[in-house]
Amino acid sequence: MIKQIFGKLPRKPSKSSHNDPNPNGEGRDNVFMESSTSNSHGANGTVPAFPPLVNNRTNQANKPSGAGAFPVYEALPSFRDVPSSEKPNLFIKKLSMCCVVFDFSDPSKNLREKEIKRQTLLELVDYIATVSTKFSDAAMQEIAKMAVVNLFRTFPSANHESKLLETLDADDEEPALEPAWPHLQVVYELLLRFVASPMTDAKLAKRYIDHSFVLKLLDLFDSEDQREREYLKTILHRIYGKFMVHRPFIRKAINNIFYRFIFETEKHNGIAELLEILGSIINGFALPLKEEHKLFLVRALIPLHRPKCAAAYHQQLSYCIVQFVEKDVKLADTVIRGLLKYWPVTNSSKEVMFLGELEEVLEATQAAEFQRCMVPLFRQIARCLNSSHFQVAERALFLWNNDHIRNLITQNHKVIMPIVFPAMERNTRGHWNQAVQSLTLNVRKVLADTDQVLFDECLAKFQEEEAKKTEVVAKREVTWKLLEDLAASKSVSNEAVLVPRFSSSVTLAAGKPSGS
């Protein structure tokens, strides 16, 4: 009796009922389509964002449950086998069919269904490339939905959650490759062709390629698979070019990724690709530069020099920085001072990179901006000249091989020569590397040819300062000798040794009789 009563009560739907396929073959795709079609327009007539995804590669819909899974997953007719009037409907059906997501963690599962889906995706790519009419609203919605279901997923957060788990050889680990890439690649190709197609109306498509879609796309740049990041780079660049209304939002979203990377995690796999996109965007900035773009340079690009892993994206970062200086020469002073702010202290390989970037920036720098920052700049260069790492010293000396930089130095030699002369003289007298000594002698000759009088003054001043240093060292040695003698005289009686503050006091104490 009790069982009969409980049997009549309505049962609360389980979580698995939303994720697992129904016995009749309906799964997440049907649930997704039903919710998106029944709520396709809000009260204000706009298309809302897509419903929350349940596909995180760990909780996949339509998971095969053994033999007999996907009983209705059969290939649809080819586009060649249907009349032209039926192709748009067949296109939508094939897109809906490709919303089924398979488990690629086990390569032996559902081989037949996976191959059917891959062939269907390839057909869709060919259809998008050859279509001669504008995509309908329903087709664009289905394309966006298929991309959302297949591409958007959450990556493991272990790399970002705790720095305590980092190991010394973490950089040597091979990047993880996406096991589902055979399908993902075709989906990316489809999305790329859709965005780039002249048959895609941006005014209609922006309802589906919206801000939420762009943010999810940007999240995928953290993929460890470089093949995926290359596709993302191309697709995002095409979206930026086609959907003008999204441009400010895309720039702001990339800014936020950089901020989090610089000031929080220092872990992200796609910084180089994002900078490569920005390099192209910056190249197209109109003049005069907007204040927003200058703030982006100061707040995001220049601080990107700070992370330890800057070598992974430095080439792309340097290109973006130089683009700004070439666009607006007045920014050279800001950029050079920014480089000096983040100049590495103990990382020699990073220092070589900074010197290379500095040369490119100085090549685009005019005399007025150079004069504003030349004093702190050449103080840093002088420190590099005396670096015990021969590549750092060599790279600093190579600056004189650049005609434009050498002209700037020559025009301001009265300020610069006194700053760098001591470092060069120390190199010629005592640097351990013969190549550095030879290069220093060459630059030293250039300085002498520029202004022999000033060169002689600098040499005399250097010799005078060196003599003073020698005298100080000699006095210090005398002082220590007196202290040692004083300590030796007190050691017999076990009397504490009082160390006077000044050498004159030590001398007086040493001259007193031992009993006083």
Failed item in (1) surrounded by 19 or more Cβ atoms within 10 Å (Cβ to Cβ); (2) acidic (D, E); (3) closer than 26 Å to Y259 by Cβ, with E369 passing the rest: (3)
Selection count, the range 83-107, where residues are within 16 Å of L121 (Cα to Cα) and in a helix (DSSP H, G or I): 11
Filtered residues of the range 345-363 (kept if open to solvent by less than 20 Å² (accessible area, probe 1.4 Å) and out of contact with any His (no Cβ under 9 Å at 6 or more places or on another chain)): L355, L358, V361
Output for the range 282-299, where each listed residue is hydrophobic (A, V, I, L, M, F, W, C) and either in a helix (DSSP H, G or I) or within 21 Å of L236 (Cα to Cα) (or both): I282, F285, A286, L295, F296, L297, V298
Residue within the range 171-178 that is surrounded by 15 or more Cβ atoms within 10 Å (Cβ to Cβ) and in contact (Cβ under 8 Å) with a residue 24 or more places away in the chain present: yes
Within the range 116-157, considering residues that are within 15 Å of W181 (Cβ to Cβ) and of a type outside the set (F, W, Y), the one surrounded by the most Cβ atoms within 10 Å (Cβ to Cβ): K117
Checking N256 against (1) touching a His at 6+ places or on another chain (Cβ under 7 Å); (2) in a helix (DSSP H, G or I), the condition it does not meet: (1)
Residue satisfying condition, being surrounded by 15 or more Cβ atoms within 10 Å (Cβ to Cβ), under 22 Å from A272 (Cβ atoms) and either at pLDDT 95 or above or touching an Asp or Glu at 6+ places or on another chain (Cβ under 6 Å) (or both), within set L339, L331, L377: L339
Of the criteria (1) part of a helix (DSSP H, G or I); (2) in contact with a Pro (Cβ under 7 Å, 6 or more places away or on another chain), which one A272 fails: (2)
Selection status of G279, surrounded by 16 or more Cβ atoms within 10 Å (Cβ to Cβ), in a helix (DSSP H, G or I), more than 11 Å from the chain's Cα centre (by Cα) and among the small types (G, A, S): yes
Qualifying residue in the range 428-440 (condition: closer than 20 Å to H305 by Cα and buried (at least 21 other Cβ atoms within 10 Å of the Cβ)): no
Some residue of the range 188-195 being in contact (Cβ under 8 Å) with a residue 60 or more places away in the chain, farther than 22 Å from F155 by Cα and open to solvent by 10 Å² or more (accessible area, probe 1.4 Å): yes
Selection from the range 235-253 of residues that are under 16 Å from I282 (Cα atoms) and open to solvent by 40 Å² or more (accessible area, probe 1.4 Å): H237, R238, G241, M244, R247, P248, F249, K252
Some residue of the range 256-275 being open to solvent by 10 Å² or more (accessible area, probe 1.4 Å), basic (K, R) and more than 22 Å from K233 (Cα to Cα): no
Subset of the range 449-458 [aliphatic (A, V, I, L, M) and loosely packed, with under 15 Cβ neighbours inside 10 Å]: V453
Index of the failed condition, K267 passing every other in (1) modelled with pLDDT under 95; (2) part of a helix (DSSP H, G or I); (3) under 23 Å from P175 (Cβ atoms): (2)
Selected residue (criterion: most open to solvent (accessible area, probe 1.4 Å)) from residues of the range 77-115 that are acidic (D, E) and over 23 Å from M140 (Cβ atoms): D81
Flag if V298 is within 18 Å of I254 (Cβ to Cβ) and open to solvent by 50 Å² or more (accessible area, probe 1.4 Å): yes
Criterion: more than 28 Å from P248 (Cβ to Cβ) and open to solvent by 60 Å² or more (accessible area, probe 1.4 Å) - qualifying residue of A311, A286: A311
Hey, L168 under 25 Å from the mean Cα position of the chain (by Cα), more than 23 Å from F102 (Cβ to Cβ), at pLDDT 95 or above and open to solvent by 40 Å² or more (accessible area, probe 1.4 Å) or not: no
The range 196-229, residues that are aliphatic (A, V, I, L, M) and open to solvent by less than 10 Å² (accessible area, probe 1.4 Å): A205, I209, V214, L217, L218, L220
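For every residue, the table says whether it meets (1) farther than 28 Å from H389 by Cα; (2) at pLDDT 90 or above; (3) polar (S, T, N, Q); (4) assigned to a helix (DSSP H, G or I).
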{"residue": "M424", "(1), (2), (3), (4)": "no, yes, no, yes"}
{"residue": "F462", "(1), (2), (3), (4)": "no, yes, no, yes"}
{"residue": "E465", "(1), (2), (3), (4)": "no, yes, no, yes"}
{"residue": "R476", "(1), (2), (3), (4)": "yes, yes, no, yes"}
{"residue": "D485", "(1), (2), (3), (4)": "yes, no, no, yes"}
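The values are calculated or read from the model by the stated rules, or taken from the named source; none is laboratory data. This is a predicted model, so every value here is computed, not measured. Cβ sites come from the backbone with ideal geometry, for glycine too, and all protein chains shown count toward neighbours. Please note that ligands, DNA and RNA were not included when accessible areas were found on the heavy atoms of the full protein model with its side chains. Shrake-Rupley method; radii C 1.70, N 1.55, O 1.52, S 1.80 Å.
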